[in-house]
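Taking it in order: structure first as structure tokens, then the write-up.
The values are calculated or read from the model by the stated rules, or taken from the named source; none is laboratory data. Because the structure is a prediction, the values reported are computed rather than measured. Here the Cβ positions follow ideal geometry from the backbone for every residue, glycine too, while neighbour counts run over all protein chains shown.
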Amino acid sequence: MIHATTEQDVNVMGDSNLQGGRYRRINVMGDLRMDGDVRCLAMNCMGDATVVGSFQSQKTNVMGDMEFRGPVDAGTLNVMGDAKFLSGLRARTANCMGEIEVVGTLNADRFNLFGELRVTGDCNVDRFESRGGFRVDGLLSGDQLRIVPWRSCRAAEVGGSRIEVRRRRGFLGVLLAWDSLLSAIGLGRTGGLLEVESVEGDDVFLENTAAQVVRGKRVRIGTGCRIGRVEHGGDFVRHPDAQIGEVAGA
């Protein structure tokens with residue numbers, strides 16, 4: 001058991017337990033269990049770590065596996081491994097190239113997703129950008145939402161000021177040309193699909209989206225969309241191949 005002193009550094013190479021308290025940097029390359037509330041300037045996990053109490057850090061880097069059982073304020077969060085938050089997550093900026101699971105609500109100023117995200121509650125992010133896959137059981141909301149669904153993307157609802165969902169483009173045009181060639185023989189694909197019950201925003205642009213209802217002041221429905229109903233404020237454009245059940249204007 002490692003006991004806290006005044007903001008010391010902690011380096012874990014093997015198996016260890018850490019008492020709750022205040023630390024400077026916690027570096028984990030082994031297996032660490034933290035009992036109690038932990039406050040630190042930086043957490044770097046390249047092994048396995050579990051936090052039983054609450055956790056607060058200015059910077060949190062997860063390159064291994066971490067489980068947080070109490071409330072978390074991760075500061076700047078970078079995940080290249082697996083991170084599980086069992087009592088919600090708060091971060092200023094989050095970058096995910098691995099997998100994040102949040103039980104409860106996720107709140108962040110900015111979230112950049114290149115891996116996988118799973119949220120059982122709402123996901124509230126001022127600026128959300130995704131080129132990965134996600135499932136949000138509640139509302140995905142933010143001021144600016146930009147989604148390129150490389151994998152399956154699902155949410156109960158999506159709401160924001162500006163919402164942009166674009167189909168995947170090929171790298172330097174190569175993949176797009178290859179997809180076009182395969183499409184001609186019925187084998188092409190243009191990336192994943194966003195599946196959502198409703199989308200509501202001021203400025204909405206959608207491609208590769210399946211939604212029951214889309215509402216917005218300015219609405220653009222592009223290729224690859226299946227929409228049950230569109231409600232717009234007078235500014236509406238649709239792609240010829242978009243499937244739309246009904247349209248209602250202001």
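Of note:
- Entirely in segment 1-119, the strands (runs of 3 or more DSSP E) that have 2 or more residues that are of a type in the set (D, E, K, R): 15-28, 31-45, 65-68, 82-85, 89-96, 99-102, 106-113, 116-119
- Summed over segment 135-161, residues that are under 18 Å from Glu207 (Cα atoms) and either acidic (Asp, Glu) or in contact with a Pro (Cβ under 9 Å, 6 or more places away or on another chain) (or both) total 1.
Matching residues to (1) modelled with pLDDT of 95 or more; (2) closer than 16 Å to Ile100 by Cβ; (3) surrounded by fewer than 22 Cβ atoms within 10 Å (Cβ to Cβ):
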| residue | (1), (2), (3) |
| --- | --- |
| Leu41 | yes, no, yes |
| Ala49 | yes, yes, no |
| Ser57 | yes, yes, no |
| Asp73 | yes, yes, yes |
| Asp82 | yes, yes, yes |
| Leu89 | yes, yes, no |
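- Among the numbered conditions (1) out of contact with any Gly (no Cβ under 7 Å at 6 or more places or on another chain); (2) closer than 28 Å to Pro149 by Cβ, the only one that Arg22 does not meet is (2).
- For segment 123-139, residues that are in contact (Cβ under 8 Å) with a residue 40 or more places away in the chain and touching a Gly at 6+ places or on another chain (Cβ under 6 Å) total 0.
- Any chance Phe128 is touching a strand residue (DSSP E or B) at 6+ places or on another chain (Cβ under 6 Å), part of a strand (DSSP E or B), among the aromatic types (Phe, Trp, Tyr) and closer than 30 Å to Glu7 by Cα: no
- Each residue in segment 23-58 was checked for being farther than 14 Å from Ala83 by Cα and either among the aromatic types (Phe, Trp, Tyr) or in contact with a helix residue (DSSP H, G or I) (Cβ under 9 Å, 6 or more places away or on another chain) (or both), and 1 pass.
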